[in-house]
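Heads up: the structure comes next, in structure tokens.
The values are calculated or read from the model by the stated rules, or taken from the named source; none is laboratory data. Everything numeric in this text was worked out from a predicted model, so none of it was measured. With ideal geometry, Cβ positions are generated from the backbone for all residues, glycine too; neighbour counts draw on all protein chains shown. Heavy atoms of the whole protein, side chains included, go into the accessibility calculation; ligands, DNA and RNA do not. Shrake-Rupley method; radii C 1.70, N 1.55, O 1.52, S 1.80 Å.
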Amino acid sequence: MAVIEKKINFDNYDLTSLFGANDSFIRLIESKFSSMILARGGNITLRGEENEVANIEKIFREMAFTLNTSKTLKEQDVRMIIELTETGRQGRGADDTEAIVLYTRDDLIKAKTPGQANYLKSAQSNDICFAIGPAGTGKTYLAVALAVAAFKKGRIRKIILTRPAVEAGERLGFLPGDLRDKIDPYLRPLYDALEDMLPPERLKSAIDKGEIEIVPLAYMRGRTLNRAFIILDEAQNTTEIQMKMFLTRIGVESKAIITGDVTQIDLPNKQTSGLVKAQEILQNIDGIGFVYFEKSDVVRHRLVKDIIDAYEKFYETK
């Protein structure tokens, strides 16, 4: 493979923070690759095989992004970024089911079960992906991770997270407080996932700028969403009309993930779940994928699987 040379400029960054004290982060990267890395001022020169140089450039770009968003860069961050890139280098393409989606300060986000691996593959290869299965299988968390990863890479302009606020009748008017006070209890799980993946300042900035929206499903009506990553959570609690409304909001260059558990339907008056109906109507449309999780895909506390088993056995005997 041809040897190439690539220059990158980081004059706009605090070089001690970016490269580490006495260039320690550069030395760490050099220890993992065979390419030469030369630092002069804010300029980095890479010389080596084309694929390896491309991976090292990705590492430096990701380090710069981390420093810019969280205002700090630690050795553990650099090691995590290197591991992410090395995983991709070892024969795993961008759509590989084992590929890491995103990293946080504490952990790498990647498929932990066959069901999750299938989920990532379907979500990456379809514009609309339905993820259906029991609690604790990572449906929502991985969906948010995919959205944040796409946002960071500039593939989309906006992330929209929505849930049907069934307990509030989707009207919300009788609850005290402003809109945020009214809907926060229903949308808190989505905030929790985002807070794992973005520094607090970056998350607040994105919400303030409208780059990330977290809204109840009732507020989606009448919109057309272009270049957006849209997640509909707890979709088993949508009506047929709500599901159709949501799916027809999707515009050009957008992706959508719909998650739900058809055993946990809370709709009043025995209404048909929009998620249940969508499985019947949309199964054979190209570009729409359906992924089904099993109890074996549960990645929460070990007791979650036992609880699911116990409930299933109890009702089987009734």
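Taken together, the criteria exclude GLY93 from residues that are part of a loop (DSSP other than H, G, I, E, B), under 25 Å from GLU52 (Cα atoms) and at pLDDT 80 or above.
Rundown of residues vs (1) at pLDDT below 90; (2) out of contact with any strand residue (DSSP E or B) (no Cβ under 9 Å at 6 or more places or on another chain); (3) open to solvent by less than 70 Å² (accessible area, probe 1.4 Å), yes/no style:
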site	(1), (2), (3)
SER273	no, no, yes
ASN284	yes, yes, no
PHE290	no, no, yes
VAL299	yes, yes, yes
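Would it be correct to say that LEU217 is touching a strand residue (DSSP E or B) at 6+ places or on another chain (Cβ under 8 Å), farther than 17 Å from LEU161 by Cβ and hydrophobic (A, V, I, L, M, F, W, C)? So LEU217 does not fit the description; no. Looking at SER35, SER70, just one residue is over 30 Å from TYR292 (Cβ atoms), modelled with pLDDT of 90 or more and not β-branched (Val, Ile, Thr), and that residue is SER35. Restricted to segment 195-234, and to residues there that are within 12 Å of LYS158 (Cβ to Cβ) and of a type in the set (D, E, K, R), the residue that is surrounded by the fewest Cβ atoms within 10 Å (Cβ to Cβ) is LYS209. Test VAL304 against the stated conditions and say whether it is part of a loop (DSSP other than H, G, I, E, B) and modelled with pLDDT under 85. No, not satisfied.
The set of residues from segment 232-284 being part of a loop (DSSP other than H, G, I, E, B) and on the phi > 0 side of the Ramachandran plot comprises GLU234, GLU253.
For ARG249, indicate whether it is under 27 Å from ARG155 (Cα atoms) and open to solvent by 50 Å² or more (accessible area, probe 1.4 Å). Spelling it out, it is not the case that ARG249 is under 27 Å from ARG155 (Cα atoms) and open to solvent by 50 Å² or more (accessible area, probe 1.4 Å).
Go through the residues of segment 131-143 one by one and say whether even a single one is of a type in the set (A, V, I, L, M, F, W, C), modelled with pLDDT under 80 and open to solvent by less than 20 Å² (accessible area, probe 1.4 Å). No, segment 131-143 has no match at all. Condition first: open to solvent by 40 Å² or more (accessible area, probe 1.4 Å) and either touching a residue at least 40 places away in the same chain (Cβ under 8 Å) or among the small types (Gly, Ala, Ser) (or both). Now tell me which residues in segment 27-41 satisfy that. Answer for segment 27-41, where residues must be open to solvent by 40 Å² or more (accessible area, probe 1.4 Å) and either touching a residue at least 40 places away in the same chain (Cβ under 8 Å) or among the small types (Gly, Ala, Ser) (or both): SER31, LYS32, SER34, GLY41. The residues in segment 5-26 that are open to solvent by 60 Å² or more (accessible area, probe 1.4 Å) and within 18 Å of GLU49 (Cα to Cα) can be counted, and the count is 3.
Apart from one condition, PRO216 fits all of (1) modelled with pLDDT of 90 or more; (2) over 27 Å from GLN124 (Cβ atoms); the exception is (1).
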